[in-house]
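Down below is the structure, laid out as structure tokens.
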Amino acid sequence: MRCTYHPNVETDLRCGKCGTPICPKCLVQTPVGARCPDCARLYKLPTFRITTQYYIRAIATAVGMAFACAVAWWAIRGVIPSLYINFLLAAGFGFAIGELISISVNRKRGRGLTIIAGTAVAVSYLISIFPPWGLHFAQFGIMGLIIDLLAVALGVYVAIIRVR
């Protein structure tokens, strides 16, 4: 008997559903036994199937949240001029951005959504230190920059966890 998908390979295996001869190369092991590629039809879970419409929603939410969080980040840093407050702010804004993106896409999950959420946190921080309205309370210096980068990394991590 010859494999249906590889005609030059001899085999004694058959698909458990349709009985088609299959070789070990094209065999797909499923919880109910060996299947041919046609019968196995491995699909992504609905949670991980993200259409263009969901990506557009996620990007729109990310842009809005990035700007809103940037304004809040800028204002809070102006009132509380501590370098270490950025850790708390970044984690909080990362959680908010990730959660709202997740809600906007019906709790879908995926790599693209993690990129959108992480980018939104980074953009939020950049807008907060270089605001379009021209006033900023940024504290620059090597130590301040390192602490800010660590805080933003924490915020990105929290946002990614919310949509992963």
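All conditions in (1) modelled with pLDDT of 90 or more; (2) of a type in the set (A, V, I, L, M); (3) touching a strand residue (DSSP E or B) at 6+ places or on another chain (Cβ under 7 Å) hold for residue 40, with the sole exception of (1). Being in the same structural domain as residue 52 (by TED's automatic domain parsing), of a type in the set (S, T, N, Q) and either in contact with a strand residue (DSSP E or B) (Cβ under 7 Å, 6 or more places away or on another chain) or more than 25 Å from residue 55 (Cβ to Cβ) (or both) holds for only one residue in 102, 124, 128, and it is 128. Applying the selection to the range 1-21, what residues are under 42 Å from the mean Cα position of the chain (by Cα) and part of a strand (DSSP E or B)? Within the range 1-21, 13, 14, 21 qualify. When restricted to residues that are out of contact with any helix residue (DSSP H, G or I) (no Cβ under 6 Å at 6 or more places or on another chain), among the aliphatic types (A, V, I, L, M) and more than 30 Å from residue 105 (Cα to Cα), the range 2-53 contains 6.
The values are calculated or read from the model by the stated rules, or taken from the named source; none is laboratory data. Keep in mind the model is a prediction, meaning the values are calculated, not measured. As a convention, Cβ positions derive from the backbone with ideal geometry for all residues, glycine included, and neighbour counts pool all protein chains shown.
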